[in-house]
Structures are given as C-alpha cells and as structure tokens.
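Colleague: The structure under discussion is supplied below as structure tokens; questions concerning it will follow.
The values are calculated or read from the model by the stated rules, or taken from the named source; none is laboratory data. Fair warning: this is a prediction, and the values are worked out from it, not measured in the lab. Neighbour counts are summed over all protein chains in view; Cβ atoms, including those assigned to glycine, are modelled from backbone coordinates with ideal geometry.
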Amino acid sequence: MRTGGPLLNVEVKMQRNLVEGYSPHFRVDGGENLGISFEKVEALSESDTYRATVALVYPGVNYQSLIEGAEFEVLEGARVVGTGRVLRRLHAI
C-alpha cells in the first residue's frame, strides 16, 4: 500500500487490533488531523501495543509536528482510538 510519501517509525497503543493498510489520522497536541497509512505493523508482547511504519499520505499537508519523540492521538473521525509516539523519521518530512 506504499503511497510514495515519507515514512515514520512509531509505537502505538490501540483500543482495537492494528492492521496494515489501516488509514486513520494522527493529531499532535490538539492540532490538525494528519492523514497516515499503516504500512508495516508488529505486535509487541503487550496485547495493545504495536511498533509500526506509517506513510504520510497527503502531499502539501504540513506534517512537521510529527518529529521524533512527538506524542499523538490516533483518530477515527472525531473519536480517539489510540495514542502513540514517533520513534524516528525514515525520510525527511
């Protein structure tokens, strides 16, 4: 499902199973909803925690708030379904 956009490694705690191809939004500090797509997902030993690679899918959207160490909410519409943090950038944003 790779879209050609920059990639990030993230760690996420979810209230649902996390699968590749899932495309919610991330939001940092109550800011703008940022469209992403989960490209690679690995479940950790904790049942609700995952390490994942996400693609930043929308050209022209400002993803600068997703810096290394940034904490974010995972949103489906207006509903928060998880939280996470950016581990590292794989390509410049």
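A quick yes/no check of all residues on (1) of a type in the set (Gly, Ala, Ser); (2) at pLDDT below 95; (3) in contact with a His (Cβ under 9 Å, 6 or more places away or on another chain):
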{"residue": "LEU18", "(1), (2), (3)": "no, yes, no"}
{"residue": "LEU34", "(1), (2), (3)": "no, no, yes"}
{"residue": "SER47", "(1), (2), (3)": "yes, yes, no"}
{"residue": "TYR50", "(1), (2), (3)": "no, no, no"}
{"residue": "THR53", "(1), (2), (3)": "no, no, no"}
{"residue": "GLY84", "(1), (2), (3)": "yes, no, no"}
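Colleague: I've got another one for you. Applying the selection to segment 45-69, what residues are touching a residue at least 40 places away in the same chain (Cβ under 8 Å) and closer than 16 Å to GLY35 by Cβ?
Modeller: Listed by number, the residues that qualify are ALA52, THR53, VAL54, ALA55, LEU56, VAL57, TYR58, PRO59, TYR63, LEU66.
Colleague: In segment 57-73, how many residues are within 16 Å of ARG85 (Cβ to Cβ) and touching a Ser or Thr at 6+ places or on another chain (Cβ under 9 Å)?
Modeller: Total satisfying the criteria: 3.
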